[in-house]
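Take a look at the structure set out below.
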Protein chains: 2
Amino acid sequence: MTYHQKLDQAILTSNSLLCIGMDPDLSKIPMHLMNSEDPVFDFCRAVIEATKDTACAYKFNIAFFEVLGEKGWETLRALLPLLPAHAVRIADAKVGDIGNSSDKYAETFFDEFEFDCVTVAPYMGSDSVQPFIRREDKGIFLLGLTSNPGSADFQRLKLENGNFLYQEVADKAVSWNGLLNVGLVTGATHSEDLKELRDRVGDLPFLVPGIGAQGGDLGKTVRNAVNRHSRGALINVGRDILYASGEENFNRIVNQKAHWYQEQINHFRFTISV
Amino acid sequence: MTYHQKLDQAILTSNSLLCIGMDPDLSKIPMHLMNSEDPVFDFCRAVIEATKDTACAYKFNIAFFEVLGEKGWETLRALLPLLPAHAVRIADAKVGDIGNSSDKYAETFFDEFEFDCVTVAPYMGSDSVQPFIRREDKGIFLLGLTSNPGSADFQRLKLENGNFLYQEVADKAVSWNGLLNVGLVTGATHSEDLKELRDRVGDLPFLVPGIGAQGGDLGKTVRNAVNRHSRGALINVGRDILYASGEENFNRIVNQKAHWYQEQINHFRFTISV
């Protein structure tokens, strides 16, 4: 199965655009788990179990695993087999390096860890991206317009040709999409710009962070981000689902919250704004 | 000691601008080491031992350790204490993420692993950079003009205000340098542009990759990269020193090659081109 097919199938099988943002933070996970031998593993396992009927994808924030040292990589390795088979596995590592280093990162995330795709920073250009898009069965989400406040510093710089830098990145993403395995990270905190970007890049998949804790508007975001088939966008929610409860039965609350997001997103993607 | 002082002291103590690029590639290290229990550790230990009297800094290419999984992080952790005390420890991870993720990366590289500085990708802007420059004892090298062929794709885009994007990044680096802990990555493959960048940013430290295997001109690079005190630039050499020999006595050849670079660089920085 190609990456492109996996992405489409994941959305159809789960009837969901919800992507679970796996950002396991020891300072935020339910207290009772802190007594376990591997709190992060137990927490993530419970989250996966509680969300697997509602999500089409899981985005692992690599920073939160790296900070745990060797143990973090072990935990990551143990978690991936627990994901539902249909789900797209995203390594959110924002990599971007010269060719021979990018080769190593591709080997790490695609072969060592069997992720389906990674997030890639565009600044270093084509040879930093190529090692991730050479194979039909693996793909990338290129940082386009990110959800954080600092995104304006460079991404919204106006170029001599009239484009903003993020639009130039979007155009490059389209030009690199020969194997149908390139997508864009487009933050929900810029829901107005999502529409313009969607028109610009056709059916290119979007990975959309910024919903929940970061404050993006869900309805506008979903309607503006989906493609003409009401698909083609992974709506990422992390903290707002993961830390919905600190109680022993947190997994029930996580499940309810994930269901709520799945349904809300489906509502918005299948109805027209009035 | 502040980061700024450490950088200056490292150059003065070693009488060198040479930075050793630690890119340990299993497919390139001397054959006889492959029988050891941890070939990467043994190789890197030998390289550190053979170069410690010639180098002011060591740049660890994190991709080459990550690809080894948990083992790679163990190896990295075991290597850092072997570095000479004066040497600046650079984590070349090209990180760049939203605030709370950057916090985690800062914790990983500065506290878990005790690196002095990291390389940071600018695309996501100020809040992705801030967590790395809050402390006087730690610093960054921000990607400015990188040494790879793809650097032209975005870094050389002309902005409406007449600047190239990399010049805008350089200006931001200067504006973020309140604690004297911000530097720029400026590739040796653009030696003509180094002069212009040096004039633009005053004494800001440069980390200069691209010498050796990547083909940058050593003389021009050194003369154009150093500041008005003939310092302020770390000239990184990786493959050309690390893989100078595949023989059992490779460490002698590595030592000779590192000495050669140290002396050549000193020659160029202390003499004027005729």
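The values are calculated or read from the model by the stated rules, or taken from the named source; none is laboratory data. Quick caveat, the model's predicted, so the values are computed rather than measured. Cβ atoms come from the backbone with ideal geometry, glycine included; neighbour counts cover every protein chain shown.
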Please indicate, with yes or no, whether at least one residue in region B:173-190 is modelled with pLDDT under 95 and of a type in the set (S, T, Y). yes
Tally time: how many residues in region A:62-83 are under 20 Å from B:Y105 (Cα atoms) and touching a helix residue (DSSP H, G or I) at 6+ places or on another chain (Cβ under 6 Å)? 12
Do we have B:A87 as within 24 Å of B:P205 (Cβ to Cβ), hydrophobic (A, V, I, L, M, F, W, C) and touching a Phe, Trp or Tyr at 6+ places or on another chain (Cβ under 6 Å) here? yes
One residue is enough: does region A:52-67 have a residue meeting the conditions among the small types (G, A, S) and surrounded by fewer than 24 Cβ atoms within 10 Å (Cβ to Cβ)? no
Residues that are touching a residue at least 60 places away in the same chain (Cβ under 8 Å) and aliphatic (A, V, I, L, M), drawn from region B:13-28: B:L17, B:L18, B:I20, B:M22
Kindly indicate whether B:D116 is surrounded by 20 or more Cβ atoms within 10 Å (Cβ to Cβ) and under 19 Å from A:A63 (Cα atoms). yes
Test: residue in region A:29-45 that is within 14 Å of chain B (Cβ to nearest Cβ), within 23 Å of B:T119 (Cβ to Cβ) and in contact (Cβ under 8 Å) with a residue 24 or more places away in the chain: no
In the list B:L218, B:L159, B:L143, which residue meets the criterion of being more than 20 Å from A:V129 (Cβ to Cβ) and in contact (Cβ under 8 Å) with a residue 12 or more places away in the chain? B:L218
Can you pull out every residue in region B:230-247 that is under 19 Å from B:V182 (Cβ atoms) and in a loop (DSSP other than H, G, I, E, B)? B:R231, B:G232
Please go through region B:162-192 and pick out each residue that is in contact (Cβ under 8 Å) with a residue 60 or more places away in the chain and within 25 Å of A:F164 (Cβ to Cβ). B:V185
Within region A:167-176, residues over 21 Å from B:G96 (Cβ atoms) and surrounded by 21 or more Cβ atoms within 10 Å (Cβ to Cβ) come out as none
Can you pull out the residues in region B:201-230 that are away from every other protein chain (no Cβ under 14 Å) and surrounded by 18 or more Cβ atoms within 10 Å (Cβ to Cβ)? B:V201, B:L204, B:P205, B:F206, B:L218, B:T221, B:V222, B:R223, B:N224, B:A225, B:V226
